[in-house]
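Here's the structure we're looking at; comments come further down.
The values are calculated or read from the model by the stated rules, or taken from the named source; none is laboratory data. Since this is a predicted model, take the numbers as computed values, not measurements. A quick note on method: Cβ atoms are made from the backbone with ideal geometry, for glycine too, and the neighbour counts reach across all protein chains shown. Just so you know, the surface numbers come from the protein's heavy atoms only, side chains and all, with ligands and any DNA or RNA stripped out. Shrake-Rupley method; radii C 1.70, N 1.55, O 1.52, S 1.80 Å.
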Amino acid sequence: MLNPEQIEARLEQILLKVERPGRYVGGEINSVVKDWSRTAVKVALVFPDIYDIGVSNVGLKILYDQINQREDALAERAYAPWPDMEAVMRTRGIPLYSLESKHALTGFDLIGFSLPYETLYTNTLNILDLAGIPVRSADRGDTHPIIIAGGHAATNPEPMHAFIDAFVIGEGEEVIHEILEVVKRHKTQGAGREETLIALAHLRGVYVPKYYQVHYMDDGTVAGVETLVEGIANPVIKRIVAQLPPPPTRFIVPNIDVVHNRVSVEIMRGCTRGCRFCQAGMITRPVRERSVDEIVEAAEAAVNATGFEELALLSLSSSDFSYVVELVNKISEKFKGRKLTVSLPSLRIESVSIDLMDKLREHYSGGFTLAPEAATERMRRIINKFIPDEEIINTTREIYRRGWTSVKLYFMIGHPSETLDDVKAIAELCKRVISEGRKVAGMKVKLHAGVSTFVPKPQTPFQWVSVDTRESILAKQELLKQELRDRNIKLSWVEPEDTLLEAWLSRGDRRLAEVIFSAWKNGTKFDAWNEHRKTQAWLDAFVEHGLDPAFYTHRQRRTDEIFPWDHISAAVRKNFLFQDFRQSLEGKIRVDCRLNCFACGILPAFANMRRENPGETWKCPEVKSPGTVKPAISRIGTGEEVISDTAISNQLPVIGD
Ligand code: SF4
């Protein structure tokens, strides 16, 4: 294994020969370099995409802070090198190394991958290989690091079960410390890999796939999942934190321009809106908010520590934050006269948003994005995102009136019950928006329609439905291209091949692991990048392993089917999801569950935690005494879950950057 000095010496010879060498040198402001020899547990945190994207990842930043606050542990970072750098590294025998100390990844005790989306899977294999670590868990021995992973893609970890030793299900802030304790104890005792993995498998929220055996039916669906070690959880229920810990403030300041040169402060976690297609909204429940003062103080500390001139206030639905107006007011006061722009991704608009727009005028950056997702009442009812056209028109008109010349609208096509009329309505709505915008702001107004394609994700009410076919997706996209020819309307879409890949990987079972391995061997990597798309390599990998991709995507699931991810629980009950799916088929929508709890399963799973944390920080009902989750259950079946038309008109569209 090369030592850091040897790695640095080789880097010096090559860095000027690759594109953007600043990606590979480290030494950024706020990076943490600890004394390697005096620190007991060493963790490499890896974002398996390029530095320019990964360096701003908030999830890894939180873990970086949590670990580095401990005296007995250090966290360093690594990212996927771009192919030019990878080629040189392989030629010169440079293993993947950490940016902080330039230690090879093989020298760490633990390597933690962030997997927010599935198209990072082949990069994960490539990184392990480039680090000189056996790609398959089964081939690793006592001297190799333990490979863990977490993030939204771990909602269905099965396709990656052969490569990752242990998955963290849910939030990592607390469980990372328990993992570090296990690793430290076993390292001190000289315990072997097996012993360490068994101890990890006993931690709540940690899934070690090798201790679970999947059985299949003759038709290829899952018959059941058996635990091979006594005392480990089945299902593995996600971890959450009762209160969000203080947000990190010492953000890394990259030496090069990256995608997000900004401070990000998470204002709340979770979402109560219940959009049926939204996996994040389902798996990040319950909603927990930070206080306004904590957010403002963190924002100030972070801006001072970095010199960044942009602040992003993050959440899945920012205007649902209970004190959003107060927050914006305080941010405006705090940064009055200072050069700072604020972005509020995923801000839902109602009347208060006009107010917000006015307040943000001095500091707001970028354009506005509304996400109506659908353009007919029928589709809006199906997906449980009801935003009347008039609401969208009024909101966009106000945005244009206030001087913003461009608005972005996000739509989604591809739900199995969608017709071409539903798609055509998208184009008609876009034309209305631009026409109304011209009335208040003239011919300069622009519209960007971003049209993605629906993937029925695990742990959502749509997990039973199939994915649209390639031909149908293409026909719908062609219709939009024909209809949206106004030169001030820009249309962007997702290629069907990308949608299908995401669907295979997110809905797959353990057999997909061999497909991923072969696809990587066939040269796939950077699957999230258009220029690296290699669909044929994926199709060849399916053929090689005798699997039909359509089995995973174009098949309506049986109502009683056991899904490959059923032994992983986001604490939202399958029955609740199925009930919601049935309501979707009937065109019924559900209100924001802050107004009416639908007993999704969160409270029974975390009753003690909620009882110990009463009050308004959580948006779920309080739990008064042991075993009581009354507010969550009592209203179910009363019909209250079906929203009235008056209530519908009070629903808010989404706006953000
Ligand atoms: S327990 Fe009730 S309020 Fe809490 S997330 Fe579930 S449905 Fe919403």
- Message: Positive end of the dipole of the chain, charges at C-beta (+1 Lys, Arg; -1 Asp, Glu), about the Cα centre: which of PRO159, PRO372, SER466 has its Cα farthest in that direction?
- Response: PRO372
- Message: Sequence gap at least 6, Cα distance under 8 Å: using those rules, report the relative contact order of segment 116-168 to the nearest whole percent.
- Response: 41 percent
- Task: Could you list which residues have their amide H under 5 Å from that of ALA449, counting only those 5 or more apart in sequence or on another chain, with H placed in the peptide plane?
- Result: LEU409, LYS490, LEU491, SER492
- Inter-centroid distance (Cα atoms) of segment 397-429 relative to segment 82-150, Å: 41 Å
- Message: Give me the one-decimal Kirkwood hydrodynamic radius in Å for segment 369-499, with the sum taken over alpha-carbon pairs.
- Response: 15.1 Å
- HN-Hα J couplings of segment 493-500 from phi, Karplus 6.51/-1.76/1.60, θ = phi - 60°, integer Hz, Gly and Pro as x? 8, 9, 5, x, 4, 5, 5, 5
- Message: Skipping prolines and chain starts, which residues have an amide H placed within reach, meaning under 5 Å, of the one on GLU266, given they are 5 or more residues away or on another chain?
- Response: LEU314
- Item | Cα→Cβ-extended label distance, 7 Å offset, between ASN522 and LYS17, nm | 3.2 nm
- Whole number in Å², please: accessible area per residue of the chain, 1.4 Å probe, ligands, DNA and RNA not counted. 38 Å²
- Query: Taking a label point 7 Å from the Cα of MET217 along the Cα→Cβ vector, which residues of segment 509-547 have an amide N closer than 16 Å to it?
  - Reply: 509
- Task: Mind pulling the angle between the C-alpha long axis of helix 175-189 and the longest principal axis of the chain? Nearest 10 degrees, somewhere in 0 to 90.
- Result: 0 degrees
- May I ask for the distance between the Cα centers of segment 508-566 and segment 216-258, given as a whole number of Å? 21 Å
- Task: Over segment 11-151, calculate the relative contact order: mean separation of alpha carbon pairs under 8 Å at least 6 apart, over the residue count, as a percent.
- Result: 27 percent
- Note on the structure: Ranked output for segments 167-173, 85-91, 384-390 by mean other Cβ atoms within 10 Å, highest leading, reads 167-173, 384-390, 85-91
- Message: Show log10 I(q)/I(0) for segment 238-390 at q = 0.14, 0.16, 0.19 Å⁻¹, two decimals, from a solvent-free Debye sum over equal Cα scatterers.
- Response: -0.75, -0.96, -1.24
- Dimensionless Rg ratio for segment 165-299, taking C-alpha atoms and the 2.2 N^0.38 Å reference: 1.37
- Net charge (Lys, Arg +1; Asp, Glu -1) of residues whose beta-carbon lies under 15 Å from that of GLU436, GLU436 excluded, is +3
- Task: Treating the angle as unsigned and between 0 and 90°, give the value, to the nearest 10°, between the Cα long axis of helix 4-14 and the longest Cα principal axis of the chain.
- Result: 60 degrees
- Note on the structure: Cysteines of the chain without any disulfide-compatible partner (other Cys Cβ under 4.7 Å) are CYS271, CYS430, CYS593, CYS597, CYS600, CYS620
- Message: Below 26 Å, Cα to Cα, which lysines can LYS17 reach? Residues fewer than 8 away in the same chain don't count.
- Response: LYS102, LYS525
- Query: Hey, got a sec? Which trypsin sites (Lys or Arg not before Pro) in segment 129-223 land in a DSSP loop and have at most 14 other Cβ atoms within 10 Å?
  - Reply: ARG136, ARG204
- Residue span THR39 to LYS588: 0.36 nm per residue of separation minus Cα-Cα distance leaves a gain in nm of 192.0 nm
- Query: Once phi is turned into θ = phi - 60°, what whole-Hz ³J(HN,Hα) does the Karplus curve with 6.51, -1.76 and 1.60 give for every residue of segment 255-270, x standing for Gly and Pro?
  - Reply: 7, 10, 5, 10, 4, 10, 8, 7, 8, 10, 10, 7, 8, 7, 10, x
- Dipole axis of the chain (+1 Lys, Arg; -1 Asp, Glu on Cβ), positive-most option in GLY93, VAL46, HIS415: HIS415
- Query: Antiparallel as a % of all DSSP beta bridges within the chain, to the nearest 5?
  - Reply: 25 percent
- Mean projected area (nm²) of the alpha-carbon convex hull when segment 120-183 is viewed from all directions: 4.6 nm²
- Can you figure out the FRET efficiency of SER625 with ASP293, using R₀ = 35 Å and their beta-carbon distance, to the nearest 0.05? 0.65
- What whole-number value in cubic angstrom gives the convex hull volume per residue for the C-alpha atoms of segment 29-131? 100 Å³
- Between ARG470 and ILE393, with labels modelled 7 Å along Cα→Cβ, what's the label distance in nm to one decimal, could you check? 4.0 nm
- Task: With θ set to phi - 60°, apply the Karplus curve 6.51 cos²θ - 1.76 cosθ + 1.60 along segment 582-589 and write out the HN-Hα couplings as whole Hz, x wherever there is a Gly or Pro.
- Result: 4, 5, 4, 4, 8, x, 9, 10
- Note on the structure: Counting only DSSP beta bridges fully inside segment 51-199, the antiparallel percentage to nearest 5 is 10 percent
- PRE zone check, label point 7 Å out along Cα-to-Cβ of GLU612, amide N under 19 Å, scope segment 266-291, hits 286-289
- For the peptides 329-335, 560-566, 125-131, what is the packing order when you average, over each peptide's residues, the other Cβ atoms within 10 Å and list the highest mean first? 125-131, 560-566, 329-335
- Task: Restricting things to alpha carbons, find the Rg to Rh ratio for segment 89-243 using the Kirkwood radius for Rh.
- Result: 0.97
- Message: Given points 7 Å out from each Cα along the Cα-Cβ axis, report the LEU539 to SER417 separation in nanometres with one decimal.
- Response: 3.2 nm
- Message: Can you list residues from other chains, or at least 5 along the same chain, whose modelled amide H is less than 5 Å from the amide H of GLY414?
- Response: PHE454
- Query: Nearest 20 debye, what's the magnitude of the dipole of the chain about its Cα centre given +1 on Lys and Arg Cβ and -1 on Asp and Glu Cβ?
  - Reply: 1020 debye
- Message: Give the aspartates and glutamates reachable from LYS476 as a straight Cα distance under 13 Å; neighbours fewer than 8 places away on the same chain don't count.
- Response: GLU418, ASP421, ASP422, ASP468, GLU495
- Cα-Cα P(r), the chain, percent of pairs per 10 Å interval: 3, 15, 25, 29, 20, 7, 1, 0
- Compute the relative contact order of the chain as a whole-number percentage, counting only Cα pairs closer than 8 Å that sit 6 or more residues apart in sequence. 15 percent
- Give me the angle, in degrees from 0 to 90, between the Cα long axis of helix 83-92 and the longest principal axis of the Cα atoms of the chain, rounded to the nearest 10. 0 degrees
- Kindly flag which residue pairs out of LYS184/LYS238; LYS34/LYS187; LYS339/LYS446 have an alpha-carbon separation exceeding 21 Å in this structure. LYS184/LYS238; LYS339/LYS446
